[in-house]
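Trainee: Take this structure, written in structure tokens, and hold onto it; I'll ask about it next.
No value in this document is a laboratory result; all are computed from the given coordinates. Just so you know, these numbers come straight off a predicted model, no measurement behind them. Virtual Cβ from ideal backbone geometry, glycine too; neighbours counted across all protein chains shown.
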Amino acid sequence: MSKHSKHSNVFYIYRKTGGQFVFEAVKKAKICKNDLGLDLFQYDNGIYEGRTGCKIMSIRELPDLESILEKMGGVNGVHSMINDLIKTTGESPRYTRPDERKKDIFPQREKDENNIFAKDSHGKKHYYSRFYNENGIELYVRKNKTDDFRRVYVNCEGYMLDIGSYQNLDTALAWLAGLENGVKCEVERAFNESMADPQKWADLGFANILGRADEAKAHNAHIREARKRENERRDAEYEAERNAQEQADKAEYEQAIKTAEAKILNRQTVQNADIQGKSLIMQLFREHKISVPLKTQGWIIKALCDICFNENRGKWCYHYYKKSKDSTVFSDYLLLLVSAVQEKQSRN
């Protein structure tokens, strides 16, 4: 048979089933394109030949297809091998039933009538699952939502209307039972009530259900503008407060640095106080651009209590918390800090 013979779009493999070799249609297979004019397809981890349904190599060998076929005698050798195999296997239904279609062999699964694709009240589409309570009331939940986040819906004029939490289903059902004229009438009542109040926002979801979206948008326009102005006012107020706080923080910080520098110049004790969540003495090093090793920075922040001038010894000293160990290098950096502060004063 010619390599260009017509075949179906169904793939068959030849394998042993129930004690004998048969052709078996496989669904998850795909064409394996090649430049040799061969009908090859990929299934599972193998490469199969279409007329015989036989596996000719593993998928990992696919990059070496041409060299492997060359070892088999080239294209002519492969066709000769195929013809020999057909004498044993017979020709695959892929060729003997060329008009066969996949849907004839693999019928589509019947649609689950309880799974539907529908719009919520704002027009967005989602998948929903239908269920019934013990009284036969038709309810829906969104698919792919965990129990902790599921909401319960009812169908209202083709829209899915949220009526409450799945965890509080009894409350939602009690609300439904209390509606004398049904869900739509309640939606219309609530919508008309909001439309009658110029200051009350009209629910756009209800408006969609009732086909009155334009009315709701017009009604809400001035409310939206008022809310926008209020938000802008609050934003401006917040920004002013933030700027004022920034200026106050900056002034507090600068004063703390200035006071600490003055104490160093006067050989007074400088407590390693907290200044806006930072170590005061560590900030002195940073202000004077003195590079301190990371390990020493950590020690200054966590262990250092204060720096002071010892009049008896005539030099700068420091105290640290008893729970910490002493630093082996801080004394050197302390002298650099004192010198930097003194140099700054001489420049000014």
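Trainee: With the Cα gyration tensor of segment 285-335 giving a ≥ b ≥ c as the square roots of its eigenvalues, does the rule (a/c under 1.5 for rounded; else a/b larger than b/c for prolate; else oblate) give rounded, prolate or oblate?
Mentor: Cα axes put segment 285-335 in the oblate bin.
Trainee: Nearest 0.05, what FRET efficiency do residue 290 and residue 227 give at R0 = 56 Å with Cβ-Cβ as r?
Mentor: Computed FRET efficiency for residue 290 and residue 227: 0.60.
Trainee: What is the angle, in °, between the Cα long axis of helix 213-265 and the longest principal axis of the Cα atoms in the chain? Nearest 10 is fine, range 0 to 90.
Mentor: 40
Trainee: Taking the alpha carbon gyration tensor of segment 37-152, what are the square roots of 5 times its eigenvalues, largest first, to the nearest whole Å?
Mentor: Details: eigenvalues 552, 68, 27 Å².
After scaling each eigenvalue by five and taking roots: 53, 18, 12 Å.
Trainee: Right, next: List the chymotrypsin sites (Phe, Trp or Tyr not before Pro) in segment 175-259 that DSSP assigns to loop (not H, G, I, E or B) and whose Cβ has at most 16 other Cβ atoms within 10 Å. Which are they?
Mentor: Here the chymotrypsin sites (Phe, Trp or Tyr not before Pro) that fit, given the DSSP loop and packing criteria, are 201.
Trainee: Any idea what the relative contact order of the chain is, in percent, if you count C-alpha pairs under 8 Å spaced at least 6 apart?
Mentor: Taking the mean separation of contacting Cα pairs over the length of the chain, I get 8 percent.
Trainee: What residue among 83, 175, 251 has its Cα farthest toward the positive end of the dipole of the chain, where the charges are +1 on Lys, Arg and -1 on Asp, Glu, each on the Cβ?
Mentor: Sorting the options by dipole projection puts first 83.
Trainee: Counting only DSSP beta bridges with both residues in segment 115-210, tell me the antiparallel percent, nearest 5.
Mentor: Percent antiparallel among DSSP bridges in segment 115-210 is about 90.
Trainee: To continue, here is another question. Given axes a ≥ b ≥ c from the Cα gyration tensor, I'd like to know whether segment 11-105 is rounded (a/c under 1.5), prolate (a/b larger than b/c) or oblate.
Mentor: prolate
Trainee: What dipole magnitude, in Debye to the nearest 20, does the chain give about its Cα centre under +1 on Lys/Arg Cβ and -1 on Asp/Glu Cβ?
Mentor: 1260
Trainee: Using a Cα-Cα cut-off of under 18 Å, which aspartates and glutamates could be cross-linked to residue 103, ignoring same-chain neighbours fewer than 8 residues away?
Mentor: Answer for residue 103, where 18 Å is the Cα cut-off: 24, listed by chain and number.
Trainee: For segment 11-105, calculate the relative contact order in percent as a whole number, restricting contacts to Cα pairs under 8 Å that are 6 or more residues apart.
Mentor: Once divided by the residue count of segment 11-105, the mean separation gives 23 percent.
Trainee: GluC sites (Glu not before Pro), restricted to segment 40-142: which are DSSP loop and have at most 14 other Cβ atoms within 10 Å?
Mentor: 110, 113, 134
Trainee: Just need the Rg to Rh number for the chain, please, alpha carbons only, Kirkwood Rh.
Mentor: 1.33
Trainee: For residue 246 and residue 36 in one chain, what is 0.36 nm times their gap in residues minus the Cα-Cα distance, to one decimal in nm?
Mentor: Answer, rounded to one decimal: 68.1 nm.
Trainee: What lysines does residue 228 reach when the alpha-carbon gap must be under 30 Å and sequence neighbours fewer than 8 apart in one chain are set aside?
Mentor: Straight-distance partners of residue 228: 119, 124, 125, 200, 217.
Trainee: Mind running the shape call on segment 1-42? Use the C-alpha gyration tensor, a ≥ b ≥ c as the square roots of the eigenvalues: rounded below 1.5 for a/c, prolate if a/b tops b/c, oblate otherwise.
Mentor: Working: a/c = 2.35, a/b = 1.81, b/c = 1.30.
Judged from the Cα gyration tensor, segment 1-42 comes out prolate (a/c at least 1.5, a/b above b/c).
Trainee: Additional query: List the lysines whose Cα lies under 19 Å from the Cα of residue 87, skipping any in the same chain that are fewer than 8 positions away.
Mentor: Those lysines meeting the cut-off are 3, 16, 55.
Trainee: While we're here: Of the listed peptides 334-345, 277-288, 117-128, what is their order by residue-averaged count of other C-beta atoms within 10 Å, with the highest listed first? Could the numbers behind the result be given before it?
Mentor: Working: 334-345: 15.3, 277-288: 17.5, 117-128: 13.7.
Answer by packing, highest mean first, reads 277-288, 334-345, 117-128.
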